[in-house]
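See structure below.
Every number in this text was worked out from the coordinates using simple rules, so none of it is lab data. Model, not experiment: these values are computed from the prediction. Neighbour counts run over all protein chains shown; Cβ positions are idealised from the backbone, glycine included.
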């Protein structure tokens, strides 16, 4: 008995499995429906708001962690974390200063810091609106309110990272295979915590109501990419190049410019991840499955 070649070819797509077909559909739809607005412009806008709001958000989170486990525990964990980082560019000193100032805040200072932190939510939501077709009103206020929800879970995520620091820090400082294992562990710790943060950001700050399944896949998929990007940032810190060289040797200008560039690239990844999540929401909807 002979088999019709046409029938054999007709069954071939089914053999690839629904997961692979969904991945192809996702890539096709993201490429075909990506907004025509200037991605670079909106990533730059989110970066501007991030420069205003990320440090206060980090300070409030560290302050809350200190209130939970005690300032001494936070200081010890921070020392373990910075012990594995490259010494160049003043990064360890900056992180120690951030922890010290954060732990010394009073409750009303932490409350005041939430206002500039909430501005980051406004910048993200304005950029997210450009990545979706959902009409939005009171964009700024909704973004700020959503960021306050993210700030409520941020201390727990910071606590998880600091809890892993005493184990990961010495691995980074050890070199060789110890360093390789440290990178693997650090990647997974950052991936899980960052993806949880993106889950809150996409769900609370982003416009519209996204399917839970799409949120999970989109947040953890985007988190894996950004976690790898942040590992590359640690490598970037180890490169013996003076950031201040293009700015006449002024260290502060060089440091701010370099960090702003990395933050800008990070927001491009975040916006692309949100757009992919929006497309996943369409694929997982009954109309998309049809």
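Return the FRET efficiency for the residue pair residue 237, residue 139: r is the Cβ-Cβ distance, R0 is 41 Å, and the value is rounded to the nearest 0.05.
0.70
Enumerate the residues in the range 186-221 having an amide nitrogen under 17 Å from the point lying 7 Å beyond the Cα of residue 167 toward its Cβ.
186-194, by backbone N distance to the label point.
Order these by the 10 Å Cβ neighbour count, fewest first: 48, 167. Intermediate values should be presented prior to the final figure.
On the way: 48 17, 167 13.
Fewest-to-most ranking of 48, 167: 167, 48.
Using a 7 Å offset from the Cα along the Cα-to-Cβ direction at both residue 230 and residue 115, what is the distance between the two label points in nm, to one decimal?
It works out to 2.9 nm between the two label points.
Using per-residue counts of other Cβ atoms within 10 Å, averaged over each peptide, order 91-104, 229-242, 191-204 from highest down.
Top of the packing list down: 191-204, 91-104, 229-242.
Ranked from highest to lowest mean number of other Cβ atoms within 10 Å per residue, what is the order of the peptides 121-132, 206-217?
Taking the mean over residues of other Cβ atoms within 10 Å, the ranking is 121-132, 206-217.
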